[in-house]
Amino acid sequence: MGIDCPANWADDHVRAALDISEKSFRDSCDRQKMRARVIRKKRAVGLVPNAGERIPREALDETVLLVQSELQNNKTLLPFCAFNGGKDAWVDIGNKRVGVQVLQAYLGIPRELTLHIGDQFLNTGNDYAARDCCPCVWITDPDETTYMLKSILRLAGVSLDGHNSPSLEDFSLAIPSIQDGHAANIGNENEAVDFLEMTRRHEKDEMMDVYTGELISKTI
């Protein structure tokens, strides 16, 4: 994967891109008088609304277009994604093309057997870059995602009788069919993808603060 491989990203290149992004966000916040704050992470910078406030979509788009231009003008050496998240704006080091390619290499799945489903394919969205590495489906809401996944499972020969929505077990059954008899293996040919572990990690992620990444306690 060359420069696109996250392991090859030099810390000074990451820091330089984040410095440009942070300054751009702060300038946009001051210029547009947004009631927001800037958050900096190890490989990302975000502009998020203050508690109880809302940032207009147009202001977020303007912020993203400006930071994209500044990163490009400074000839940023790393792949990045500057996007309007709907309620906030972010610059990530890396993008979904990198993420999809890492998964393709890790699971041994070619691009023609990969499908990316997303809802942000405009140039201010975070799905745009995935177009470079696999077929994509543009959806508008979670119901359309469910429809697409069910359609894939039916094409793979998995019965959905009595299922309200596809489960991870359904996908574990579908993978061999989708890949013409070759399961998605990790490590060696006898070790299949652990979907139960994926579920556990997902449930844990739901306990994280979406902005800071800090674990929070679930309350009822």
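Please treat every number below as a calculation from the coordinates, not as lab data. In this text the structure is predicted, and so the values were computed from the model without any measurement. A quick note on method: Cβ atoms are made from the backbone with ideal geometry, for glycine too, and the neighbour counts reach across all protein chains shown.
For Leu65 and Leu155 in one chain, what is 0.36 nm times their gap in residues minus the Cα-Cα distance, to one decimal in nm?
So the extension gain works out to 28.4 nm.
Testing the spin-label approximation: label points 7 Å from Cα along Cα→Cβ at Arg131 and Asp12. State their distance in nm.
Result: 3.5 nm between the two label points.
Work out Dmax and Rg for segment 67-137 from the C-alpha atoms and quote the Rg first, both in angstrom.
Taking only Cα atoms of segment 67-137, I get Rg and Dmax of 12.8, 36 Å.
What does the convex hull of the alpha-carbon atoms of segment 22-97 project to on average, in nm²?
Reported value for the Cα convex hull: 4.9 nm².
Return the FRET efficiency for the residue pair Asp141, Asp27: r is the Cβ-Cβ distance, R0 is 35 Å, and the value is rounded to the nearest 0.05.
My answer for the efficiency is 0.55.
So how much slack lies between Ala51 and Leu122, counting 0.36 nm per residue of separation and subtracting their Cα-Cα distance, in nm?
Length gained, Ala51 through Leu122: 22.8 nm.
Step through the table entries Lys96/Lys150; Lys42/Lys150; Lys42/Lys75; Lys87/Lys150, compare each Cα-Cα distance with 25 Å, and write down the pairs that go over it.
Lys42/Lys150; Lys87/Lys150
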